[in-house]
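A quick write-up on the structure given underneath.
The values are calculated or read from the model by the stated rules, or taken from the named source; none is laboratory data. Here the structure is a predicted model, which is why all the values come from computation and not from measurement. Cβ: placed from backbone, ideal geometry, glycine included. Neighbour counts: every protein chain shown. For the accessible areas, the whole protein counts, side chains as well, though only heavy atoms, and no ligand, DNA or RNA atoms are used. Shrake-Rupley method; radii C 1.70, N 1.55, O 1.52, S 1.80 Å.
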Amino acid sequence: MSDLQERLEDLRDRGLYRRMRLVSGPQGPTVLLDGRPVLLLCSNNYLGLADHPRVREAAADAAMRWGCGAGASRLVSGNMTVHRRLEEALADFKRAEACLLFGSGYLANAGIVAALAQEGDVVFSDELNHASIVDGCRLSRARTFVYDHRDMEHLEWGLREAEGRGSLIVTDGVFSMDGDVAPLDRIVELAGRYDARVMVDEAHATGAIGPGGRGTVAAAGLEGEVDVVVGTLGKALGSYGAFACCDAQMARYLINTARTLIFSTGLPPPAAAGAMAALALLREQPDRVDKLQRNGRVLREALALEGVDTRGSETQIVPLVIGDARAAVAACDEALGAGVFAQAIRPPTVAEGTSRLRLAVMASHTKAELRAAARTLASAARPAIAARAPARPARFYDDLAEAA
Ligand SMILES: Cc1ncc(COP(=O)(O)O)c(C=O)c1O
């Protein structure tokens, strides 16, 4: 057996083997998955814009006008009018002085964290931050202090210990696997007190939360007080790519130091134009955001009726935590058999013992679809949840006496 085969077998033994399923057609509320029609409950096409006629047309027109690819890094010859226009539109939307496009959210996070944190610095990162932030921390030569999820006492303790070396606090705005929201007011306050910068990743917040879908920073009334706000174009904005909103000096700094921007081809013109059309739709039709939020509530309430604890989710992302990786895959397959597709998410995407079905609603789902899906998912997950070890360890009087 080759070493690669051995590693694959090991992943299989631990219930961590991954394969790609095939979706035919666009990312609608229902899709053909591996040839079968299913309700799609794990796409980030939150507002249903990826296949909107105006978005498709804008992308197609851009391909005819500017071609398919940017041809080079934006620092060489790949900086095109369509990029500049989209940056201006996004800066206006996010009420920022400047905006800088990146190839993807992964590239934005990895590049920006590594550019802002240097050797000798300490970066503070929430334990549930996205992998691209984790990789940015690894790429930087700084030390990373991982604070307990949303735990501001832990963060403050770390900032105090860093004694002035704390350069950057970085957090997801909406956490991608849990659907809860970062305590941004406290983070900004601590950053001010300990003289650190703040970076917020709004990948799942842009178009989904806050006034007009402007994100968690806007929802917290903190526009202009966060050093870098990252957003992605591949989720609510239905296209591909990412952006960072910041002040003009920060944008100049990133153009000069963010390696994932400098050493990578500019965004394809159709992706940029598609995102611009989606942004225009979001601004014209803010009720799409309201509908998304309502659908999130409908799913959470329907799951609660089935006895499922959706933890601290407040958004369109709703975790159905199962625990064991194999059990999560079994629950996913069971739900699929009943026509609902919610992918099983396992380590290293989530912590050991917290494998789950990560449910993502879209504005285009109907209430009836979501309520029926909640019943299907709860019954698929119930055996695994029931078999889970009790959360609290047994305690006996003898042990307690000994401890005393
Ligand atoms: C919180 C978060 N940040 C960043 C990314 C990466 O974005 P992209 O898919 O554009 O690379 C994701 C994507 O899954 C995400 O969930």
It is to be established whether one or more residues within segment 138-145 are open to solvent by 40 Å² or more (accessible area, probe 1.4 Å), within 30 Å of Pro269 (Cα to Cα) and more than 13 Å from the ligand (Cβ to nearest atom). yes
When only residues in segment 168-187 that are open to solvent by 20 Å² or more (accessible area, probe 1.4 Å) and away from the ligand (no atom under 15 Å from the Cβ) count, which is nearest to Ala205 (Cα to Cα)? Pro183
Where in segment 1-118 are there strands (runs of 3 or more DSSP E), lying fully within it, with 2 or more residues that are crowded, with 19+ Cβ neighbours inside 10 Å and assigned by TED's automatic domain parsing to the domain that holds Gly238? 98-102
Can you name every residue in segment 330-346 that is part of a loop (DSSP other than H, G, I, E, B) and open to solvent by 10 Å² or more (accessible area, probe 1.4 Å)? Ala338, Gly339, Gln343, Arg346
What's the number of the only condition in (1) over 21 Å from the mean Cα position of the chain (by Cα); (2) touching a residue at least 24 places away in the same chain (Cβ under 8 Å) that Ala368 fails to meet? (2)
Residues of segment 284-329 satisfying the condition of being open to solvent by 40 Å² or more (accessible area, probe 1.4 Å), in contact with a helix residue (DSSP H, G or I) (Cβ under 7 Å, 6 or more places away or on another chain) and assigned to a helix (DSSP H, G or I): Arg288
